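Peer 1: One structure, as structure tokens, below. Some questions next.
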Amino acid sequence: MSNPDPKEIVRRLINEVMNTGNVSVLDELYTPQLAPIAHQWVGPFLASFSNVRMRIVQLVAEGETVVGRFACSGTHSGTWPGQPPTGRRFTNVAEVYFFRVVNGRDR
């Protein structure tokens, strides 16, 4: 059985976790060492910024490395590290992330 396309792992992270809030998928997408760390920030982030939507602008893969450009929108509706909610909306904030995907999991 072959490993999934590394870009598909990143697509799942964005579509299934960030855009729908299904944090249980983190355990499938990350290594056992990294999944708990991902849970520590993804859950609180999603709770602090309602209606978050990440749009994939571009994914580029070479070997184990995937670089993603994203546009993120949402509303600051909960406390985020010491910052009380402002109710302010942000739209299409440009973000770039690097992922290392080995054996079908982000490392």
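Peer 1: Could you identify which residue out of Leu34, Leu26, Leu46 has the top mean-square fluctuation in a GNM of the chain using Cα springs shorter than 10 Å?
Peer 2: Leu34
Peer 1: Only sites in a loop by DSSP and with at most 16 other Cβ atoms within 10 Å count here; which GluC sites (Glu not before Pro) in the stretch 61-107 make the cut? Present the calculation step by step, with values, prior to reporting the outcome.
Peer 2: Values: sites: Glu62, Glu64, Glu95; in loops: Glu64.
Those satisfying the criteria are Glu64.
Peer 1: Here's a follow-up. I want to verify a result. In a Gaussian network model of the chain, Cα cutoff 10 Å, which of these has the top mean-square fluctuation: Val23, Val96, Val52?
Peer 2: Maximum fluctuation in the GNM of the chain, among the listed residues, is at Val96.
Peer 1: In the stretch 1-94, which trypsin sites (Lys or Arg not before Pro) fall in coil by DSSP and have 14 or fewer other Cβ atoms within 10 Å? Intermediate results must be reported in sequence, preceding the final value.
Peer 2: Numbers: sites: Lys7, Arg11, Arg12, Arg53, Arg55, Arg69, Arg88, Arg89; in loops: Arg88.
Passing both the DSSP loop test and the Cβ count: Arg88.
Peer 1: Also, I was wondering about something else. Among Ile9, Ile56, which comes first, then next, by fewest other beta-carbon atoms within 10 Å? If you can, show how the numbers build up before the last one.
Peer 2: Details: Ile9 20, Ile56 15.
With the sparsest Cβ surroundings first, the list reads Ile56, Ile9.
Peer 1: Would you mind checking the tilt of helix 35-48 against the longest principal axis of the Cα atoms of the chain, expressed as 0 to 90 degrees and rounded to 10?
Peer 2: Tilt of helix 35-48: around 30 degrees.
Peer 1: Please give the calculated 222 nm ellipticity per residue for the chain, where each DSSP H segment of at least 4 residues contributes -39500 (n - 2.57) and the sum is spread over every residue; nearest 500 deg cm²/dmol? Write down the numbers at each step before the final one.
Peer 2: Values: 3 runs with 25 residues, N = 107.
Computed mean residue ellipticity for the chain: -6500 deg cm²/dmol.
Peer 1: Comparing Asn15, Asn92, Asn51, which has the greatest mean-square fluctuation in the GNM of the chain with Cα pairs linked when under 10 Å apart?
Peer 2: Asn92
No lab work stands behind these numbers, since they all come straight from the coordinates. Note that the structure is predicted; figures quoted are calculated from it, not measured. Reconstructed Cβ throughout: ideal geometry from the backbone, glycine too, with neighbour counts over all protein chains shown.
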